[in-house]
1. Determine if the range 160-167 includes at least one residue that is open to solvent by less than 40 Å² (accessible area, probe 1.4 Å), touching a residue at least 40 places away in the same chain (Cβ under 8 Å), closer than 30 Å to Gly241 by Cα and in a helix (DSSP H, G or I).
2. Just to verify a result, which residue in the range 115-159, among those that are open to solvent by less than 80 Å² (accessible area, probe 1.4 Å) and either at positive phi or charged (D, E, K, R) (or both), is nearest to the chain's Cα centre (by Cα)?
3. Regarding the range 104-122, can at least one residue be identified that is in contact (Cβ under 8 Å) with a residue 60 or more places away in the chain and within 22 Å of Ala48 (Cα to Cα)?
4. With the checklist (1) of a type outside the set (Phe, Trp, Tyr); (2) at pLDDT 85 or above; (3) not in a loop (DSSP other than H, G, I, E, B) in hand, flag the one item Ala246 doesn't pass.
5. Counting only residues that are within 26 Å of Met151 (Cα to Cα) and open to solvent by less than 30 Å² (accessible area, probe 1.4 Å), which one in the range 181-191 is modelled with the highest pLDDT?
6. Which of the residues spanning the range 93-114 are open to solvent by 10 Å² or more (accessible area, probe 1.4 Å), of a type outside the set (Gly, Ala, Ser) and not in a loop (DSSP other than H, G, I, E, B)?
7. With (1) over 30 Å from Arg132 (Cα atoms); (2) open to solvent by 80 Å² or more (accessible area, probe 1.4 Å) as the list, and Leu209 as the residue in question, which single condition is left unmet?
8. Give the residues of the range 71-90 that are crowded, with 20+ Cβ neighbours inside 10 Å and at pLDDT 85 or above, sorted by residue number.
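The values are calculated or read from the model by the stated rules, or taken from the named source; none is laboratory data. Since the model is a prediction, treat every value here as computed from it, not as a measurement. Every residue, glycine as well, gets a Cβ built from its backbone with ideal geometry; the counts of neighbours run over all protein chains shown. Heads up: the accessible areas ignore ligands, DNA and RNA and are worked out on the full protein's heavy atoms, side chains in. Shrake-Rupley method; radii C 1.70, N 1.55, O 1.52, S 1.80 Å.
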Amino acid sequence: MLGLWWAQAGAPRRRAALPAEARPAPVGWIAGDARRELPRDREDAEVATRRREELQRELLRQEIDLEQLRYGAGYWEAELAPADGAVIEEARAELRAALARELGSAEALTAYFGPEQAAPCLRFLDAATRERLLEAFARAAHDAPLTTATMLEAARTCLSPDDFARYREWNAPEAVALRERLAGFAPTQGEFDAIRTWTTPEGVAEDALRTALGAERFAAWLAQNEPEMQTALREIRRLGGDTADAEWLRAERGRLIAALGAVWSDPSLPDEAKAARAAALKRAGREALAARWASGDPAAADFDLLP
């Protein structure tokens, strides 16, 4: 059952084939094993509309269950890399197809989430509270697509102050952005909280952050925040590489940019020769990246190391 994936011990969070028991299975009529026959009268628009709405709500519930695979054990831990998220997208497509068959229509149901809009982490909520929040999400989705902002507002109106504080701890835009920013830094909970406080408008002074992190980790944090390192981390996550390679990629990009600059500024070379050398440098950069991760076509634009 998709709803139990995130709770299973050892649930996969890296690119891998999903276990058979975790793949979407044809559902009964929303609950139980008994399956109702589809309406024979296709002219009964009211019945068909109601059935579609019920299945859309079931899709919302199961998509949120599925999306819990994105998250680590704590709100401070890195989320699943985009390239590894392909396993979620494959399962989402199977889920939509299974529910469309249940509907008896070739028209696919509308997905709520995807690479551009992740579902929030809800694993900290008890079952009853989670169900109330899902109902609030369904009402919000009736009028407009679900967004981080609309889900945050639904949570604010639906949850207790304590539960809403935990919801924000996991799902506020600044928390999501900071997890991505700290990919590869592997912060502890205390380090994440200290950095999060420092990044707020009313945050602490840099000296206080240095004290909270310690000299060595503070230096690592400064290196992590360099624009070149952040660019390297984004590229690695996009291509499914290991964040441990971020320093190598940062250095490789810097070397390539410097070499290209030297070629284009060389007054002894005609323009045609400059273009040929620059193309060769770019090709070598793509090949180095593809070889490092042993995946993809090194001629593809995905492996262009330039900003």
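1. Yes, that holds for at least one residue.
2. Arg123
3. Step one: of the range 104-122, the residues in contact (Cβ under 8 Å) with a residue 60 or more places away in the chain are 104.
Among the residues that remain, those that are also within 22 Å of Ala48 (Cα to Cα) are: 104.
Looking for residues that are in contact (Cβ under 8 Å) with a residue 60 or more places away in the chain and within 22 Å of Ala48 (Cα to Cα), one finds at least one in the range 104-122, hence yes.
4. Only one criterion in (1) of a type outside the set (Phe, Trp, Tyr); (2) at pLDDT 85 or above; (3) not in a loop (DSSP other than H, G, I, E, B) is unmet by Ala246, namely (2).
5. We begin by selecting, within the range 181-191, every residue within 26 Å of Met151 (Cα to Cα); these are 181-183, 189.
With the extra rule that they be open to solvent by less than 30 Å² (accessible area, probe 1.4 Å), the set shrinks to 182-183.
Details: Leu182: 88, Ala183: 80.
Checked the range 181-191; the qualifying residue modelled with the highest pLDDT is Leu182.
6. Within the range 93-114, Glu94, Arg96, Arg101, Glu102, Leu103 qualify.
7. The one condition Leu209 does not meet is (2).
8. Once the filter is applied, which keeps residues that are crowded, with 20+ Cβ neighbours inside 10 Å and at pLDDT 85 or above, the range 71-90 yields Tyr71, Tyr75, Trp76.
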